[in-house]
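Structure record follows, encoded as structure tokens.
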Amino acid sequence: MAKVDRFSRSRSLFGDDFKKIKNANVLVCGVGGVGGVCVDALMRAGIGNLTIIDFDKFEVTNQNRQIYSNFLDYPKVAVFKQIYPQIHAIKAKITPEFVENFDFSEFDVVIDAIDDIQAKIALAFKTHEKLVSSAGAARRIDASKIKVASVWQTSGDPFARKIRNELKKAKFDGDFEMVYSDEAPMCQDLGSFMGVTASFGLFLASLAVQRVLKTRNF
């Protein structure tokens, strides 16, 4: 009789490759509206080793879009650690200096769900061979406009354009996949809708799992 537990459906889907999922080592940078849902999806899929990095606490304005944001004033990484004790949680602000001094060598996939452009550029330089990144998920309402492409092939997304421009100025010659939307922004400020921000996170989780299945050899 087949084993029945929280990962029964994952084993049914992945078959023998589920051991790759269980042995994978994934890093998620930023656990806000995009990264938080990504983390939740990866843990539900059965990723065995997951590290998260974030500095912020949950605030009331997060509650329209961020999973587990009912835990107001608690550090986001602490909340995820409480829900998923096996997570390795690091409370830190991700800056270019942090990236420079952090050891990424143990991770199979690095997921960039942060907003700071200079930190994103630093991540690209140091981890692009195993990086999947998110552009801007705010200001949009149509999840069907979300796409995945090389960072150099993104279009219609002002935030992605800024990233490309900064990469060019920094003479970055690598490549990595980016989740983005070509929907025209609906407002000028940071209005957001969970139907889109969560979808960005689910796209990132899907890309991470596909990367694990392709690269893990056990």
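Side notes on the structure shown:
- The set of residues in segment 75-93 that are surrounded by fewer than 15 Cβ atoms within 10 Å (Cβ to Cβ), of a type outside the set (A, V, I, L, M), touching a residue at least 12 places away in the same chain (Cβ under 8 Å) and over 19 Å from ILE21 (Cα atoms) contains only LYS93.
- Search result, residues across segment 115-135 that are surrounded by fewer than 24 Cβ atoms within 10 Å (Cβ to Cβ) and in a loop (DSSP other than H, G, I, E, B): ASP115, ASP116
- Members of segment 11-21 that are over 14 Å from LYS214 (Cα atoms) and surrounded by 18 or more Cβ atoms within 10 Å (Cβ to Cβ): ARG11
- Of all residues making up segment 174-195, the number that are surrounded by fewer than 24 Cβ atoms within 10 Å (Cβ to Cβ) and either hydrophobic (A, V, I, L, M, F, W, C) or more than 13 Å from ALA143 (Cα to Cα) (or both): 13
- Exactly one residue out of SER105, SER69 is modelled with pLDDT of 95 or more, among the polar types (S, T, N, Q) and over 22 Å from ARG139 (Cα atoms), and it is SER105.
- Options ALA24, ALA45: the member that is modelled with pLDDT of 95 or more, over 22 Å from THR197 (Cα atoms) and in contact with a helix residue (DSSP H, G or I) (Cβ under 8 Å, 6 or more places away or on another chain): ALA24
- Top-ranked residue of segment 40-60 - restricted to ones that are in a loop (DSSP other than H, G, I, E, B) and free of Cβ contacts under 8 Å to residues at least 24 places away in the same chain, ranked as nearest to the chain's Cα centre (by Cα): PHE58
- Segment 119-141 residues that are farther than 18 Å from ASP157 by Cβ, paired with ones that are assigned to a loop (DSSP other than H, G, I, E, B) and among the charged types (D, E, K, R) (beta carbon under 8 Å, 6 or more apart): HIS128/ASP175; LYS130/ASP108
The values are calculated or read from the model by the stated rules, or taken from the named source; none is laboratory data. For clarity, every value in this text was computed on a predicted model and none was experimentally measured. Here the Cβ is made from the backbone with ideal geometry for all residues, glycine too, and neighbour counts use every protein chain on show.
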